[in-house]
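Visitor: Here it is: the structure, laid out below.
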Amino acid sequence: MREILLKLEGLTKAYPGVVANSGVDLAIQKGEVHALLGENGAGKSTLVKTIYGLVAPDAGHMTFEGKPFRPADPRAARAVGIAMVFQHFSLFEALTVVENIALGMEHPPTMRALATQIKAVSQTYGLPLDPQRIVGDLSAGERQRVEIIRCLLQDPKLLIMDEPTSVLTPQEVRILFATLRQLRAQGTAILYISHKLEEIRALCDQATILRLGKVVANCDPQQVSAKEMAEMMVGSALQAPKKQTVTEQGAVALTLSQLSAPAPQAFGTPLRDINLTVRSGEVLGIGGVAGNGQEELVAALSGEMRVAANMIQLYGQAVGALPPNARRKLGLCAAPEDRNGHAAAPDLSLTENALMTADARMGLSRHGFINRPQARSFASAVIKRFDVRTPSTDILARALSGGNLQKFVIGREILQAPKVFVVNQPTWGVDAAAAAAIRQAILDLAEAGAAVICISHDLDELMEISDRFAALNGGRLSPPSPTASLSLDQIGLMLGGAHDMEVAHVKA
Amino acid sequence: MLRLERRRQPSNLWRWGAPMAAVVLTMVLGALLFWMIGRDPFLAIKTIFWDPVFGEFAFYYRPELIKKAAPLIMIAIGLSFGFRAGIWNIGAEGQYIIGAICGASVALAFYPMAARWMIFPLMIMAGILGGVVWAMIPALLRVYFKTNEILVSLMLVYVAEVLVKAFAVGLLRNPEGRGFPGSRNLTQYPSAANLELFAGTGIHWGVITAVLSVGLAYVVITRHRFGFDVQLAGQSPRAAAFAGVNTNWLVIGCMGLSGGLSGLAGLFEVAGPSGQILGSFPAFYGFTAIIVAFLGRLHPVGILLAGLLMALTYIGGDAAQSAMNLPSAAIKVFQGMLLFSLLSVDVLTNYRVRFTWAKGD
């Protein structure tokens, strides 16, 4: 058996109301890729934050290379050789790659020396990256490379990666894995957090599965099937949403013709000449790597961003120049990606959040005077129908967990019985059971005759619920194809392939 | 060790308890301050807070208190809409001055005609219009050129201050004033005077308008879509855009509202308590109202109470200055303490304090 690098024993951390980790034991060996698996809320983040010195445990202890280890802050963790790539990048878009990396260092060398180092590291690990480029111009995959190189410059003994593939195309994932395997071969241990089971089976040597803060299993992912791991994660057998096969084509509900729009803000993506037809009763899936125009497309459809009237037609009526509420009245509803501060207002109650978008269509006010009882009963209806866990409708949105708020936001739009429903990342950061419920609700809505556009980074989700699939890449939309006829590789190419990735550099 | 922990829900108890606690804290700290400069702390606090309302000379102070509170409340009510929406009109003082100039100009244009039924309403309209126009400058500049309304509205205060000085010695100067600066006294012009409606109460048209504005604001904020949009835009601008709130109209609406109410306050002041346009037109209501708005939690009822309280510290402060020979700087520090105390106690609304003991490794 190889040498143990990091050992956790009986690690416990409780927050008011929840026990995030309870008696967690974990051992990571040198030169091993160790998967940490679990649903959202299972305690993965808390555990790695403990290792990285961001959270102080209530009980339990850790040893690193045989010595007691209790980092007071991330600096202490970095000092012993632990590096972490976060799910959300902390980069300044207006600065160059080398400036961004220098900002994270305690004693940065000169910019020129640092740039040389960055080039050297990127060559060695097959992560091509020009140190002088502005981060705002980089793709999500390239930004992740900045974060990885930032870590590799520290020569870490343990590299923690939090959901690294959620923003990558399949091709980019392949390259990332080659890099990680190379690191493993050099003896670096990697703690790999994910809930994508196939990836874990392809990459990892060991897997620790968390559920509700406790370790429920340790397994060798090569030996266990993805379905078995999923059931260990969830604790019960999973039920996939039922999809009816579409027999006849519905009427054309939404037409986008030559939809173009400049980027609404710096480092946004302009929309370029998008043509699309969606029929009632169908779910159109739009995939794409984050930052390729998803937010802008939703803004153009919801009415937040106005375009020329004819660019968007709803049942033949030109609506491109109408404001959001006029579109809602005509039956076009949308749910943007970010539920905290965009799709919902965190500091308002659920009743007020219901009023926020449902006023126009559900008539919750008259002559501008709000009918509060009616707004409340609409909010209650959403809560009941979508199983939102909350004590009352007067609770602030921010007090709800991510999954519950997401169910509320989606439910609020669906209960308005839209004719066309546009949703961006319907299940992002939502646990498996809630995600299944949301997908089912989307399918039910389509079955009831609505046209649905579902934008998601999660290809599995799109494969599961969409009838046709199109990809957004640099603000352009590929022609849609029937989902059933597509392979994962074809989809990867539609998504734009690997952004300037040169596989040739990598010695596998 | 003390540690602050964010509450999941803001505490309702503290939302309303904090202003009370802040007042008590101010009294304690103020007493300490007065004691340190060698005055009787209890007497000072009593002189400021008790005597003007219940003391021997309350019959004189009470009307003064009401007259002082009315413009503060009226302006603060207008500001509270913008402040809720994240639209920062810092220039209420300027709009107040311009409202006074416009209202007084209308009155003086008709002098000495006797037609109160026409002149007084026209003055009111002119006062409102003047304030609105002055507020539209920063509003439109923000809408069309994305300028910062804080800076523009603030700078326009200085312009207004120069204008009032110019009018006092120029266009509006009293022709029978033997060359002294200052306009005719409007309180001596029955068609334009804003006098006490009930003798000895201090209640003039401005007071009535202030009370009405509190009631209207309450209804709009709790019941009307405009109040809801204002709140939404302030808390989550992106959510507001998604909900369909038109930010530009909101800027114009909120700035117009606060400008109009400030101008109106200026008109009532110049036609009543102040009586004339002077270079030193009774100032600082526009700035003090900002404090009143925050002290009152941007809530109409809160603003009503805060306006009265703030007026009390002014009236009581003056009384303490003359009766106890307190330096005016001490009174100003004391008034400042009120805002500081509120801001610090306010933390408890969204955070709870935890006592923790550092654990050894």
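The values are calculated or read from the model by the stated rules, or taken from the named source; none is laboratory data. The structure displayed is predicted, hence computed values, not measured ones. Cβ sites come from the backbone with ideal geometry, for glycine too, and all protein chains shown count toward neighbours. Each accessible area value is taken on the protein alone, full model and side chains, heavy atoms only, with ligands, DNA and RNA left out. Shrake-Rupley method; radii C 1.70, N 1.55, O 1.52, S 1.80 Å.
Visitor: Multiplying the sequence separation of A:LYS30 and A:ALA266 by 0.36 nm and subtracting their Cα-Cα distance, what value in nm do you get?
Guide: Working: separation 236, 0.36 × 236 = 84.96 nm, distance 4.33 nm.
So the extension gain works out to 80.6 nm.
Visitor: Still on this structure, please answer the following. Which one, B:GLY99, B:VAL159, B:LEU339, projects farthest toward the positive side of the charge dipole computed for chain B from Cβ point charges (K/R +1, D/E -1)?
Guide: Of B:GLY99, B:VAL159, B:LEU339, it is B:LEU339.
Visitor: Per residue, how many Å² of accessible area does chain A show with a 1.4 Å probe? All intermediate terms of the calculation are to be shown ahead of the outcome.
Guide: Details: 20800 Å² over 508 residues.
I get 41 Å² per residue for this part.
Visitor: Normalised by the number of residues in chain B, what is the relative contact order in percent for Cα pairs under 8 Å and 6+ residues apart?
Guide: Values: 621 pairs, mean separation 131.1, N = 361.
Relative CO of chain B lands at 36 percent.
Visitor: In deg cm²/dmol, rounded to 500, what helix-only [θ] at 222 nm does chain B give when every DSSP H run of at least 4 residues adds -39500 (n - 2.57) and the total is split over its residues? Numbers along the way, then the final one.
Guide: Numbers: 14 runs with 253 residues, N = 361.
Estimated from H runs of four or more residues: -23500 deg cm²/dmol.
Visitor: When a/c is below 1.5 the answer is rounded, else prolate if a/b is larger than b/c, else oblate, so apply that to chain B with a ≥ b ≥ c taken from the square roots of the Cα gyration tensor eigenvalues. Display every interim value, and only then the final one.
Guide: Values: a/c = 2.07, a/b = 1.26, b/c = 1.65.
Oblate shape, in that a/c is at least 1.5 and b/c is the bigger or equal ratio.
Visitor: Does the stretch A:425-476 classify as rounded, prolate or oblate by the C-alpha gyration tensor (a ≥ b ≥ c root eigenvalues; a/c under 1.5 gives rounded; else a/b over b/c gives prolate, otherwise oblate)? All intermediate terms of the calculation are to be shown ahead of the outcome.
Guide: On the way: a/c = 2.22, a/b = 1.20, b/c = 1.86.
Oblate, because a/c is 1.5 or more while a/b does not exceed b/c.
Visitor: Using a simple charge model, +1 on the beta-carbon of Lys and Arg, -1 on the beta-carbon of Asp and Glu, nothing else, what dipole does the stretch B:176-293 show about its Cα centre, in debye to the nearest 20? Before the final figure, lay out the partial values.
Guide: Working: 5 positive and 4 negative charges, 50 e Å.
For the stretch B:176-293, the charge dipole is close to 240 debye.
Visitor: Right, next: If a paramagnetic tag sat 7 Å from the Cα of A:ALA94 along the Cα-Cβ line, which residues of the stretch B:149-176 would have the backbone N under 19 Å from that point?
Guide: B:149
Visitor: State the number of lysine pairs found in the stretch A:4-234 whose Cα atoms come within less than 19 Å, restricting to pairs 8 or more positions apart or on distinct chains.
Guide: Eligible lysine pairs with Cα atoms under 19 Å apart amount to 17.
Visitor: Give me the one-decimal nm value for the distance between modelled label points at B:ASP40 and B:LEU343, 7 Å along each residue's Cα-to-Cβ direction.
Guide: 3.4
Visitor: How much of the accessible area of the protein assembly as shown, in percent, comes from carbon and sulfur atoms when a 1.4 Å probe is used? Don't jump to the answer; show the numbers that get you there.
Guide: On the way: 22600 of 37740 Å².
Here it works out to 60 percent.
Visitor: Within the stretch B:138-166, whose backbone N sits under 11 Å from a point 7 Å along Cα→Cβ of B:PHE284?
Guide: none
Visitor: Separate question: Solvent-accessible area of A:MET311, probe 1.4 Å, all protein chains present, reported in Å² to the nearest ten, please.
Guide: Estimated to the nearest 10 Å², A:MET311 gives 40 Å².
Visitor: If you take every DSSP beta bridge fully contained in the stretch A:252-507, what fraction is antiparallel? Give it as a percent rounded to 5.
Guide: Details: 18 of 36 bridges.
For the stretch A:252-507, the DSSP antiparallel bridge percentage is about 50.
Visitor: If I fit a long axis through the Cα atoms of helix A:432-447 and take the longest principal axis of the Cα atoms of chain A, what angle between them do I get, 0 to 90°, rounded to 10?
Guide: Roughly 30 degrees, rounded to the nearest 10.
Visitor: Another question about this same structure. Once R0 is set to 60 Å, what does the formula 1/(1 + (r/R0)^6) return for the Cβ-Cβ distance between B:ALA166 and A:HIS367, expressed as a FRET efficiency to the nearest 0.05?
Guide: Working: r = 45 Å, r/R0 = 0.75.
Here the calculated transfer efficiency is 0.85.
Visitor: Let me ask something additional. Taking only protein heavy atoms and a 1.4 Å probe, what accessible area per residue, in Å², does the stretch B:65-325 have with all protein chains in place? Kindly include the intermediate steps, with their values, before the conclusion.
Guide: On the way: 10280 Å² over 261 residues.
Heavy-atom SASA per residue in the stretch B:65-325 reads 39 Å².
Visitor: Looking only at the stretch A:4-234, where both bridge partners belong to it, what percent of the DSSP beta bridges are antiparallel (to the nearest 5)?
Guide: On the way: 22 of 40 bridges.
Bridges in the stretch A:4-234 are about 55 percent antiparallel.
Visitor: For B:ARG173, A:ARG112, A:ARG339, give me the order by solvent-accessible area with a 1.4 Å probe, most accessible first, ignoring ligands, DNA and RNA. Kindly include the intermediate steps, with their values, before the conclusion.
Guide: On the way: B:ARG173 100, A:ARG112 195, A:ARG339 25 Å².
Ranked from most to least accessible, the order is A:ARG112, B:ARG173, A:ARG339.
Visitor: While we're on this one: Can you tell me what share of the DSSP beta bridges in chain A is antiparallel? A percent to the nearest 5 is fine. Each step should come with its number before you reach the end.
Guide: Details: 40 of 76 bridges.
Close to 55 percent.
Visitor: Residues in the stretch B:4-44 near a label at B:ALA329, defined as backbone nitrogen under 17 Å from the 7 Å Cα→Cβ point?
Guide: B:33-39
Visitor: Continuing with this model, one more query. If each of A:GLN440 and B:VAL353 carries a label point 7 Å out from its Cα toward its Cβ, how far apart are those two points in nm?
Guide: In this crude label model, A:GLN440 to B:VAL353 measures out at 5.0 nm.
Visitor: Same structure again: Which of A:GLY288, A:GLY60, A:LEU477 sits closest to the plus end of the dipole of chain A, meaning its Cα is farthest towards the positive end, when Lys and Arg get +1 and Asp and Glu get -1 on the C-beta?
Guide: Farthest along the dipole direction, towards plus: A:GLY60.
Visitor: Same structure, new question: Provide the solvent-accessible area of B:ILE37, counting protein heavy atoms only and rolling a 1.4 Å probe, rounded to the nearest 10 Å².
Guide: 70
Visitor: May I pose another question? Defining a contact as two alpha carbons under 8 Å apart and six or more residues distant in sequence, what relative contact order in percent does chain A show? Each step should come with its number before you reach the end.
Guide: On the way: 1045 pairs, mean separation 81.9, N = 508.
The normalised contact order for chain A reaches 16 percent.
Visitor: Any idea what the dipole of the protein assembly as shown comes to, in debye rounded to 20, about its Cα centre with Lys/Arg Cβ at +1 and Asp/Glu Cβ at -1?
Guide: Values: 75 positive and 65 negative charges, 274 e Å.
Computed about the Cα centre, the dipole is about 1320 debye.
Visitor: Report the calculated FRET efficiency for A:ARG306 and B:SER322 (r = Cβ-Cβ distance, R0 = 45 Å), to the nearest 0.05. Each step should come with its number before you reach the end.
Guide: Numbers: r = 62 Å, r/R0 = 1.38.
Efficiency, rounded to the nearest 0.05: 0.15.
Visitor: How many Cβ atoms of partner chains, on average, are near each residue of A:344-353 if near means within 10 Å of its Cβ? Spell out each step's value before the answer.
Guide: Numbers: counts 4, 12, 3, 8, 6, 1, 0, 0, 4, 4.
Other-chain Cβ atoms within 10 Å of each residue's Cβ, averaged: 4.
Visitor: With a point put 7 Å past each Cα toward its Cβ, work out how far A:LYS329 is from A:ASP394 in nm, to one decimal.
Guide: Once both label points are built, they end up 3.3 nm from each other.
Visitor: Can you give the helix-only mean residue ellipticity at 222 nm for chain A, where every DSSP H stretch with n ≥ 4 adds -39500 (n - 2.57) and the sum goes over all residues, rounded to the nearest 500 deg cm²/dmol? Don't skip to the answer; put the middle values down first.
Guide: Working: 16 runs with 167 residues, N = 508.
The per-residue figure over chain A is -10000 deg cm²/dmol.
Visitor: Could you report the buried accessible area between B and A, both sides summed, computed with a 1.4 Å probe and given in Å² to the nearest 100? Write out the running numbers ahead of the final one.
Guide: Working: alone 18240 and 21940 Å², together 37740 Å².
Summed over both sides, the interface buries about 2400 Å².
Visitor: Comparing the chain by itself with all protein chains present, which residues of the stretch B:242-285 are at least 40 Å² less accessible (probe 1.4 Å)?
Guide: Correct list: B:PHE242, B:ALA243.
Visitor: If I ignore ligands, DNA and RNA and count only protein heavy atoms, how much of A:ASP162 is accessible to a 1.4 Å probe, in Å² to the nearest 10?
Guide: Answer for A:ASP162: close to 20 Å² accessible.
Visitor: Which whole number gives the average count of other chain Cβ atoms within 10 Å of the Cβ atoms across peptide A:363-373? Before the final figure, lay out each step's value.
Guide: Numbers: counts 0, 1, 4, 1, 2, 8, 6, 6, 1, 2, 0.
Mean number of neighbouring Cβ atoms from other chains: 3.
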